[in-house]
Amino acid sequence: MRADDPVTDITEPLMPDADRTVAQSAVDVPTAAPAEPMADGWADRQVEELITIEFEAPVAATEFQRTWNDLTQTLAVTMRLRGRDEHAGRWLPLTAQTAGALSKVELAVQLADRRGALSDASVSALAHALQGVADRFLAVVHFPDVRELLGRARELDSFAASVDVQIGLNLVAGESLISGTKLRGLAEAQGLTLSGGQFHARDDVGNTLYTLCSLDAEQFSADTMKALQTQGVTLLLDVPTVADGARQFDRMVMVAEQFAHTLGARVVDDNRQPLSPASLALIRGKVAEFQGRMTQFGIRPGSESASRLFS
């Protein structure tokens, strides 16, 4: 998705019109003004763009879902949807099980993630899908200016790339290999839990603070830990997705040193050079610096916005 595609030119409204044809290299966007941000803050305006569909008459949620699923089977856009139930007077998350009559649907379209920025081709495909909805249900779609949308996406992606840093502390075995049984015991004693091939240190609500993974990319599992013998492991801090990164780095260093002492291992960098206190202090400063830049940009490290952007 990280691309330098030319910006699509926009000329016509996205309104119901069964006879209209769309050129292969262009999309049509509504002349209706872009939707205003909802007061409830549902759309994450830091990393998402809000698009609104307003129906001329209430539409069954199940019927909308069937149509939308048909129109977006190959759409490579990350987004969330909710619908306004006409009778209940409340917003509903749209799933296959959602019932009700919808007067309005909102899309929160993600502008960027670790795959890159929302591309011109993806925006074009989304506009075509929305045109299908407009034609099918006699709806008006409030769509943002495409140049501004793509500009926001690229700016966000560029910033994200500048602060997307993972800090790793490697524990390399000394005279003997590291035993999986001993490693698991140490990890669990520190409160780390095994999930997805790695051990995770989590906060009180289950968010990952840092991970413990194999140095040789082997996946950990409960079944293989007993027989595991490894040259080393890595403690990894994903800087953008944790709150108070400097503090979490300190905790990770403490755990690394405890593990190294018990396992007879050395704490080294990616070049297998020992990490001195001065080196660790320098790294800690960088963690704080990157997270400070995120805060200045308006995305709080460890927040839901950060989790979306760095996914």
Residue that is surrounded by the fewest Cβ atoms within 10 Å (Cβ to Cβ), among those in segment 70-98 that are under 25 Å from Ala112 (Cα atoms) and among the β-branched types (Val, Ile, Thr): Thr74
Residue in segment 76-104 that is nearest to Ala57 (Cα to Cα), counting only those that are among the small types (Gly, Ala, Ser) and in contact with a helix residue (DSSP H, G or I) (Cβ under 9 Å, 6 or more places away or on another chain): Ala101
Test: residue in segment 165-174 that is surrounded by fewer than 18 Cβ atoms within 10 Å (Cβ to Cβ) and more than 30 Å from Lys286 (Cα to Cα): no
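Do you know which of the residues in segment 258-273 that are surrounded by 16 or more Cβ atoms within 10 Å (Cβ to Cβ) and not basic (Lys, Arg) is nearest to Leu212 (Cα to Cα)? Show your work before the answer.
Initially, segment 258-273 is screened for residues surrounded by 16 or more Cβ atoms within 10 Å (Cβ to Cβ), giving 259-260, 263, 265-268.
Now restrict to residues that are not basic (Lys, Arg): 259-260, 263, 265, 267-268.
On the way: Phe259: 11, Ala260: 13, Leu263: 14, Ala265: 15, Val267: 13, Val268: 15 Å.
Ranking the qualifying residues of segment 258-273, first place goes to Phe259.
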Test set (1) under 30 Å from Gly298 (Cβ atoms); (2) touching a residue at least 24 places away in the same chain (Cβ under 8 Å); (3) loosely packed, with under 14 Cβ neighbours inside 10 Å; (4) not small (Gly, Ala, Ser) - Leu156 fails condition number: (3)
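What residue, of Glu155, Glu148, Glu86, Glu106, is touching a Pro at 6+ places or on another chain (Cβ under 6 Å) and among the acidic types (Asp, Glu)?
Working: Glu155 fails: touching a Pro at 6+ places or on another chain (Cβ under 6 Å); Glu148 fails: touching a Pro at 6+ places or on another chain (Cβ under 6 Å); Glu106 fails: touching a Pro at 6+ places or on another chain (Cβ under 6 Å).
Step by step, each of Glu155, Glu148, Glu86, Glu106 is checked, and only Glu86 is touching a Pro at 6+ places or on another chain (Cβ under 6 Å) and among the acidic types (Asp, Glu).
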Contacts under 8 angstrom Cβ, first residue in segment 273-289 being in a loop (DSSP other than H, G, I, E, B), partner of a type in the set (D, E, K, R), 6 or more apart: Leu275/Asp269
Among residues of segment 192-212, those that are exposed (fewer than 13 other Cβ atoms within 10 Å of the Cβ) and either among the polar types (S, T, N, Q) or within 16 Å of Glu257 (Cα to Cα) (or both), counted: 1
Selection within segment 175-191 - loosely packed, with under 13 Cβ neighbours inside 10 Å and not in a helix (DSSP H, G or I): Glu175, Ser176, Gly191
The listed residue being assigned by TED's automatic domain parsing to the domain that holds His200, among the acidic types (Asp, Glu) and surrounded by fewer than 16 Cβ atoms within 10 Å (Cβ to Cβ), out of Asp238, Asp250: Asp250
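Within segment 198-252, count every residue that is in a helix (DSSP H, G or I) and either free of Cβ contacts under 8 Å to residues at least 60 places away in the same chain or of a type outside the set (Ser, Thr, Tyr) (or both). Break it down stepwise before answering.
Residues of segment 198-252 in a helix (DSSP H, G or I): 225-227, 239-241, 245-252.
From what is left, the residues that are either free of Cβ contacts under 8 Å to residues at least 60 places away in the same chain or of a type outside the set (Ser, Thr, Tyr) (or both) are 225-227, 239-240, 245-252.
Within segment 198-252, residues that are in a helix (DSSP H, G or I) and either free of Cβ contacts under 8 Å to residues at least 60 places away in the same chain or of a type outside the set (Ser, Thr, Tyr) (or both) number 13.
The values are calculated or read from the model by the stated rules, or taken from the named source; none is laboratory data. Since this is a predicted model, take the numbers as computed values, not measurements. Here the Cβ is made from the backbone with ideal geometry for all residues, glycine too, and neighbour counts use every protein chain on show.
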